[in-house]
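Structure, as structure tokens:
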Amino acid sequence: MLQIAATELEKEESRRETEKQNYLSEHCPPLHIPGPMAEVQELCKQLHAKIDAAEEEKYDMEMKVQKSTKELEDMNQKLFDLRGKFKRPPLRRVRMSADAMLKALLGSKHKVCMDLRANLKQVKKEDTEKERDLRDVGDWRKNIEEKSGMEGRKKMFETES
């Protein structure tokens, strides 16, 4: 079984190699060197000169971009400094009654009194029967002592009837 797998791997590898060769032959034609070695060196020098010129242009453009970004940062800093020169007063918490606030908003026309506590209604608590019973009973120990023994049972029958 291992031998079969090994042969399959070899076949796969050889197939990939042939596919690679075919692809390279189709898409990358072979290099034709024109004439002697001196011409090839001259061609390389020309290509290097073009590369150097392109690199110089790239460097110049990068420097222009850096310069303009620096100018933008400086202008933003100046703008921030100008904004900071005009101090805004610190806001404080003001405690003011409702009357004083209305007087400040409406001026001297304000005649309405906003005393909210005066407008509140007072509610009297009604005595319920349970509360009266609890008040009348008083201390629970006395109540137990009174009901204990025969006299207590007698009093219970007398009060119920």
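Any idea which of Glu62, Glu55, Glu71 is of a type in the set (Asp, Glu) and either closer than 30 Å to His32 by Cβ or assigned to a loop (DSSP other than H, G, I, E, B) (or both)?
Glu55
Tell me, yes or no, whether segment 23-38 has at least one residue that is over 57 Å from the mean Cα position of the chain (by Cα), part of a helix (DSSP H, G or I) and exposed (fewer than 10 other Cβ atoms within 10 Å of the Cβ).
Within segment 23-38 (the criterion being over 57 Å from the mean Cα position of the chain (by Cα), part of a helix (DSSP H, G or I) and exposed (fewer than 10 other Cβ atoms within 10 Å of the Cβ)), the answer is yes, since at least one residue qualifies.
Only one of Leu47, Leu31, Leu82 is at pLDDT 85 or above and out of contact with any Cys (no Cβ under 6 Å at 6 or more places or on another chain); which?
Working: Leu31 fails: at pLDDT 85 or above; Leu82 fails: at pLDDT 85 or above.
After applying the criteria, what remains is Leu47.
The values are calculated or read from the model by the stated rules, or taken from the named source; none is laboratory data. None of these values were measured; they are calculated from a predicted model. Cβ: placed from backbone, ideal geometry, glycine included. Neighbour counts: every protein chain shown.
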